[in-house]
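Following: one structure in structure tokens, then a few remarks.
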Amino acid sequence: MDISKVAVSVIIPVFNTEQYFDRTIGAVANQTLKNIEILVVNDCSLGNIESMINEYINLDSRIKYYKTPKNVGVGGARNLGLQHATGEYVMFCDSDDWLDLCTLEAMYHAGNRENADIVNCSFYRDYNNGGKKWDCYYSTDYVVNGQTALKMLAHQYDYGVELCVSTTNKIYRHQLIQNISFMENVCYEEALFNFCAIQKSAIVAFIKTGKYTYYKRLGSNLQSMTMKHIDDYNKVFSRIKVLIDMDGKSKVSKHTFIAYAEYFMNIIIEQIYESQEGEEVRKRYIMSLLKVFDSLVSLEDYIDFLGIERFRWNLQPIMMHNGERLL
């Protein structure tokens with residue numbers, strides 16, 4: 001290993017998570033992979049975070065500090081970090097999360113061994129109410145090509161393993177993402193970034209060693225559903241649709257887009273039921289969401305995507321009454 005070069009740039013956006021910062025920065029700074037740089041981006045956070053960061057800078061020369069001129073959201077803060085990253089690979093770590101100390105070393109070695117553009121580690125959720133669960137768990141190492149990985153991301157087919165939509169349990173080859181950026185101040189910005197990155201990738205690797213832990217705080221942004229989430233879903237997937245159209249409207253790409261849009265629509269429906277009470281309120285949200293999906297995917301394309309047989313079985317309950325067909 002060439003210790004003179006930066007193996008991985010770790011970008012940590014910070015916004016009002018001062019109470020968790022010690023745990024996060026400690027987990028990154030104490031990685032067994034030492035030739036890393038840590039780019040902390042203060043997104044106009046309130047409180048004493050700047051003095052905390054300066055204390056760490058005095059202790060560790062690998063830590064670099066940047067501040068956004070205005071609040072631009074996690075996507076905008078990551079973009080600022082990307083402008084200054086010099087590593088062979090880039091990782092995004094949220095400022096209230098942490099990773100096992102061997103994680104970066106295992107991911108970096110896998111990336112070089114497999115010549116991978118993207119490397120994934122297992123992704124674990126730790127809820128502040130005591131709940132815990134695996135989102136993505138990899139019991140073995142394996143690799144897939146970029147086309148397969150994109151279909152895994154979209155849940156187009158069941159490959160028997162998850163590819164998390166999160167950008168945080170991954171390292172990306174820096175050269176791969178040089179011309180990719182996050183949308184600012186929107187939810188689901190990772191959906192666009194990962195779609196673009198994986199679409200460009202040749203090899204995507206998964207490793208059993210290491211783990212990224214996502215600390216899910218009840219009441220956080222994605223836990224509290226508003227109409228902005230639906231508007232942002234529209235913005236993100238409209239952008240992806242433009243990219244698909246520029247790609248030549250191939251059936252495979254179009255079907256992958258529909259599967260991806262449908263998958264996220266189902267995630268949002270689940271969030272609506274978790275965060276909103278009352279059938280009328282839920283109905284209003286779901287109707288707004290369905291209108292967005294209808295603007296993204298035509299009925300003709302949706303039937304083509306489902307296939308006439310699956311479409312028929314989706315309608316079957318509606319067509320039956322007392323065990324007899326109505327049509």
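What follows is calculated from the coordinates using simple rules that are stated; it is not laboratory data. Just so it is clear, the structure is predicted and the values come from calculations on it, not from any experiment. Virtual Cβ from ideal backbone geometry, glycine too; neighbours counted across all protein chains shown.
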Any of Lys235/Lys291; Lys200/Lys241; Lys170/Lys216; Lys132/Lys208; Lys64/Lys211 with alpha carbons more than 21 Å apart? Name them for me. Lys64/Lys211
If I model a spin label as a point 7 Å beyond the Cα along the Cα-Cβ vector, how far apart are those points for Asp294 and Asp22 in nm? 5.4
Using a Förster distance of 41 Å, the FRET efficiency for Thr226-Gln175 (Cβ separation, nearest 0.05): 0.65
Calculate the radius of gyration of the Cα atoms of region 1-105 to one decimal place, then report Dmax, the largest Cα-Cα distance, as a whole number, both in Å. 12.7, 40
Per residue of the chain, what 222 nm ellipticity follows from adding -39500 (n - 2.57) for every DSSP H run with n ≥ 4, rounded to the nearest 500? -14000 deg cm²/dmol
Each residue of region 279-287 in order: what ³J(HN,Hα) in whole Hz does its phi give by Karplus 6.51 cos²θ - 1.76 cosθ + 1.60, θ = phi - 60°, with x for Gly and Pro? 5, 5, 5, 4, 4, 4, 5, 5, 5
I'd like the FRET efficiency for Met246 and His84, computed as 1/(1 + (r/R0)^6) with the beta carbon distance as r and R0 of 35 Å, rounded to 0.05. 0.75
Under 11 Å, Cβ to Cβ, from Ser45 - net charge with Lys/Arg +1 and Asp/Glu -1: -2
Enumerate the amide H contacts of Ile203 below 5 Å, restricted to partners 5 or more residues apart or on another chain; note that Pro and chain-start residues carry no placed amide H. Asp117, Ile118, Gly146
Would you please name the trypsin sites (Lys or Arg not before Pro) within region 1-86 that are DSSP coil residues with at most 11 other C-beta atoms within 10 Å of their C-beta? Lys5, Lys70
Using the Kirkwood radius built from alpha carbon pairs, what does the Stokes-Einstein equation give as D for region 90-201 at 25 °C and 0.890 mPa s, in µm² per second? 165
I need the phi-derived Karplus couplings for region 235-246: 6.51 cos²θ - 1.76 cosθ + 1.60, θ = phi - 60°, integer Hz, Gly and Pro marked x. 4, 5, 7, 5, 5, 5, 4, 4, 5, 5, 4, 5
Can you give the FRET efficiency to the nearest 0.05 for Lys34 and Lys67, using r as the Cβ-Cβ distance and R₀ = 25 Å? 0.40
Over the Cα atoms of region 18-76, what radius of gyration and what Dmax do you get, in Å? 11.8, 35
Identify which of Gly75, Gly160, Gly131 has the largest mean-square fluctuation in a Gaussian network model of the chain, with springs joining Cα atoms closer than 10 Å. Gly160
Out of Ala110, Tyr65, Ser253 - ranked by how far each Cα lies towards the positive end of the dipole of the chain, with unit charges on the beta-carbon of charged residues - the top one is Ser253
Table column - 3J(HN,Hα) (Hz), region 142-154, Karplus curve with 6.51, -1.76, 1.60, x for Gly and Pro: 7, 10, 9, 7, x, 5, 5, 4, 5, 5, 5, 4, 7
With Rh as the Kirkwood radius over Cα pairs, region 67-155 has Rg/Rh of 0.99
Convert 20 °C to kelvin, take the viscosity as 1.002 mPa s, use the Kirkwood radius over C-alpha pairs of the chain as Rh, and evaluate the Stokes-Einstein diffusion coefficient in µm²/s, rounded to a whole number. 101
